Protein chains: 2
Amino acid sequence: MNSKDIVYVNGAFVPRAEARISVEDRGFVFGDGVYEVLRVINARPFAAKFHNDRLKRSLEGVRISLAGGASPESLTEIANQLLRDNGLLQGEATIYMQVTRGVATRAHNFPPPDLPPTIYISVARFTPYSEFAQTGAPAITHPDIRWGRCDLKTLNLLPNVLASQTAKERGAFEAMLIRDGVVTEGTKTNFFGVVDGSLRTHPSDTHILPGITRSVLRDLARTVNIDFDETPIRAEEIPRLSELFLTGTTTDVMPVVRLDDKPVGKGKPGELTKKLQRVLAESLASGGD
Amino acid sequence: MNSKDIVYVNGAFVPRAEARISVEDRGFVFGDGVYEVLRVINARPFAAKFHNDRLKRSLEGVRISLAGGASPESLTEIANQLLRDNGLLQGEATIYMQVTRGVATRAHNFPPPDLPPTIYISVARFTPYSEFAQTGAPAITHPDIRWGRCDLKTLNLLPNVLASQTAKERGAFEAMLIRDGVVTEGTKTNFFGVVDGSLRTHPSDTHILPGITRSVLRDLARTVNIDFDETPIRAEEIPRLSELFLTGTTTDVMPVVRLDDKPVGKGKPGELTKKLQRVLAESLASGGD
């Protein structure tokens, strides 16, 4: 929330409280759409190209076309306008961009291809989770019962919502999801762990979202001679984790020091985790250059 | 669509074209809600108790509470009002009822429990698919990549949307979904097949929606000495199907006579299918008594 709180819906810049869509929007009745969340530091969206590319992949994956030659880049331009209109050019903010298949009489099949999609963009002041970044956060394990295309950033988020809420009720920051005996990712983050000295995370396939921070961190990690091993962590390896952390656009690198009420490793942020926190923080501070 | 086209949103009866919800509705940003579709014949919702019970189960399953002592029955009362207001007391119609977790600043975790849910109800004229009911419909097989709680009738319908669209583009009426080597159900229907003389369908577990027509048909089938065997049809049994049909609130018992461009059995509606079509049609005509 901010003092002006203007959002964008289908061509109009309107106060958030007045921003409305039709009850027949396919986002509302089918979750038929995709979205992105970007981090903004001093008016500069971080890793914007990664987010734009992923939005393109998500749109293609669910077969939604932006109307009239619009592009993810043009949505970022609108977001920049919102940052200006809402007085968020200084400090930290987030951009939320959502595209649905548009408004049509309810039927599962696609509406005619010339139907314009619904575009909703909003911005908000953002405050990093600095306490957990220092001390480390608690997490729980939770079954991963999501669908088979978790690589697409869609609005079908009910399993994420339910697992996230379960985590909260158990005093945890995030749920670490487990499918077929391996750690996939969190409800809104990617997970990394250190087993026998090597940094492991789930490979980028249809069972996880290709996290932007995950991608950025891979490049940064190489500069400090750390590599990811994309062999997923097996459930039975969890007791042997010496370090655990999660990554995300709004979480950065966040140490996880308790899992299911038991300490991870020594119960405090590990050396490798802290090193990666540092390189990511430096990259954020420099605007990703 | 009908001449007046009044719908209900959160206490108001408004023209469909003016019915709006907030962009921050959790139905719009998370698909965080559930729904029901009822069949109405001459102002009488068919199998209303089954639908109300299922709506209760769906709401409990996703942990949404109706506000202020409202019940599924009270939603049906609103729907009856809509049928009157829209001049749909005669002939066939459908009721669509949707409940979401309400409007809140976007965050995966649940909003405060006293937040009122969003309730959207609409009605429409309905014309049965009488041609396919006579001649039988074409279907395709399709991988079932949905989540692990398909027993809840939620708004997370993107996999259903995509598979349904694929079916349409291949000239088919429905996609028959296959998970782990067995037929589960359709994108909006349940599937039944006859293998070696016995009628088989997937058991009612977390991988299928407990269809109302499926339940109604079970009771009706007993009256004509037909039982379901809830042993799911294995993919390798598909070539041996002598009959195949789908069921649903708006599809009744619909024969499936072609599957993946090959005839099912003799390529025309089978005897057992036709018998079940008859008993269901009689029940619908009598209002379910």
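What follows is calculated from the coordinates using simple rules that are stated; it is not laboratory data. Computed from a prediction, not measured in an experiment: that's the story for all the values here. FYI the Cβ positions are ideal-geometry reconstructions off the backbone, even for glycines, and counts take in every protein chain you see.
For the reader, a short list of remarks on this structure follows.
- Inter-chain neighbour count for A:136-148: the average number of beta-carbon atoms from partner chains within 10 Å of each residue's beta-carbon is 2.
- Spin-label pair residue B:237/residue A:77, simplified geometry with 7 Å Cα→Cβ offset, distance in nm: 5.8 nm
- Rough spin-label spacing in nm, given labels placed 7 Å along Cα→Cβ, for residue B:125 and residue B:63: 4.5 nm
- Divide the volume of the convex hull around the Cα atoms of segment A:130-286 by the residue count and you get 104 Å³ per residue.
- With the gyration tensor restricted to C-alpha atoms of segment A:45-94, the semi-axes of the equivalent ellipsoid amount to 24, 13, 7 Å, longest first.
- Cα centroid separation, segment A:249-277 to segment A:106-143 (Å): 23 Å
- For q = 0.20, 0.21 Å⁻¹, Debye-computed log10 I/I(0) when each Cα of segment A:87-149 counts as one equal scatterer: -0.95, -0.97
- A straight line joining the Cα centroids of segment B:179-246 and segment A:17-37 runs 35 Å.
- Bridges between two residues of segment B:136-189, per DSSP, are antiparallel at a rate of about 40%.
- Of the residues B:254, A:97, the one with the fewest other Cβ atoms within 10 Å heads the list, and the complete ranking is A:97, B:254.
- In chain A, one over the average inverse separation of all distinct C-alpha pairs is 19.9 Å, which is the Kirkwood hydrodynamic radius.
- Local net charge near residue A:18, Cβ-Cβ under 13 Å (Lys/Arg +1, Asp/Glu -1): +2
- Sorted from greatest to least, the principal axis extents spanned by the alpha carbons of segment B:24-68 come out as 37, 19, 19 Å.
- Compactness of segment A:6-125, taken as the C-alpha radius of gyration over 2.2 N^0.38 Å, stands at 1.05.
- Cβ charges +1 (Lys, Arg) and -1 (Asp, Glu), total dipole of segment A:130-286, debye: 240 debye
- Straight-line cross-link partners of residue A:266 among the aspartates and glutamates, defined as a Cα under 15 Å from its Cα and at least 8 positions apart when in the same chain: A:196, A:243.
- Inter-part distance where segment B:58-97 and segment B:158-173 are each reduced to a Cα centre, Å: 28 Å
- The translational diffusion coefficient of the protein assembly as shown, from Stokes-Einstein at 4 °C and 1.567 mPa s with a Kirkwood hydrodynamic radius over alpha carbon pairs, comes to 51 µm²/s.
- With a 10 Å cut-off around each Cβ of A:106-115, the average count of Cβ atoms from other chains is 4.
- For chain B, size of Cβ-based charge dipole, Lys and Arg +1, Asp and Glu -1, in debye: 260 debye
- 222 nm mean residue ellipticity, helices alone, for chain B (DSSP H n ≥ 4; -39,500 (n - 2.57); rounded to 500): -8500 deg cm²/dmol
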